[in-house]
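Notes for the one structure printed next.
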Amino acid sequence: ETTDGIDVAAHLRLPTAGIGTFSLAAGYTYVFNHTIRQYPGDPVIDKLDYASGYYIPHEKGTASLTWEYGRLTTTLNGQRLGRLPNWAEEGYIKPSYLFNLSAQYNVTDRLRLSGTINNLFDQKPIKDPTYSSYPYYDISWFDGVGRSFYLQLTYKMGGTKL
């Protein structure tokens, strides 16, 4: 199995006077080639070809923006999944985007309240018109959960502080 591509990542931290610290992180991967040959003499299979039987994207990317102000931290995270082969292996479905939001507040040095909203904009999975059975999308890459909320209260009893 051989693969080649590029991975790029960047991180920026910007402290400000009076309104906290902002951090930006971004990462991007693009795969040029991904081939496999199971045994010597077997044909080489291009795993990125829509007709290969493999359902993997050429590209994926993530970005996040974090704001820290005193005891409060909040982060908006976005993910992009490049186009995927359709089920009929005759073309591609469009890229997808997913955003999550999280926040935490350190009430004391040992008590923290945090919350997360996954799938902030309630993005539905990308439907594949060639996928002929329920749920009509590739469950390897998508789930049907929709927007979800989580709250957590953490109290540290011993050892070092939070």
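Hey, if we sort LYS161, LYS47 by accessible area with the 1.4 Å probe, largest down, what's the order? Show your work: numbers first, answer last.
Working: LYS161 115, LYS47 25 Å².
Reading off the accessible areas and sorting them downward yields LYS161, LYS47.
Normalised per residue, the accessible area of region 1-124 is 63 Å², obtained with a 1.4 Å probe and no contribution from ligands, DNA or RNA. With the biggest extent put first, the Cα atoms of region 73-154 measure 57, 22, 17 Å across the principal axes.
Arrange the residues ILE93, ILE56 by how much accessible surface each exposes, largest first, with a 1.4 angstrom probe. Can you show the working numbers first?
Values: ILE93 15, ILE56 45 Å².
Sorted descending by solvent-accessible area, the residues read ILE56, ILE93.
Taking a straight Cα-Cα cut-off under 16 Å and skipping sequence neighbours fewer than 8 places away in the same chain, the lysines within cross-link reach of LYS127 are LYS94. When you filter the chymotrypsin sites (Phe, Trp or Tyr not before Pro) in region 1-100 for DSSP loop state and at most 15 other Cβ atoms inside 10 Å of their Cβ, you are left with TYR54. Quick one: Cα centre-to-centre distance for region 11-89 and region 104-125, in angstrom? When both Cα centres are located, 22 Å separates them. Largest first, the residues LEU72, LEU113, LEU151 sort by 1.4 Å accessible area into LEU151, LEU113, LEU72.
What's the FRET efficiency of TYR69 with THR160 using the Cβ-Cβ distance as r and R₀ = 30 Å, to the nearest 0.05? Computed FRET efficiency for TYR69 and THR160: 0.85.
The values are calculated or read from the model by the stated rules, or taken from the named source; none is laboratory data. No experiment lies behind these values; they were computed from the predicted model shown. Please note: Cβ atoms are built from the backbone with ideal geometry, for glycine as well, and neighbour counts cover all protein chains shown. Ligands, DNA and RNA are stripped out before the accessible areas are found, and what is left, the full protein with its side chains, is counted by its heavy atoms. Shrake-Rupley method; radii C 1.70, N 1.55, O 1.52, S 1.80 Å.
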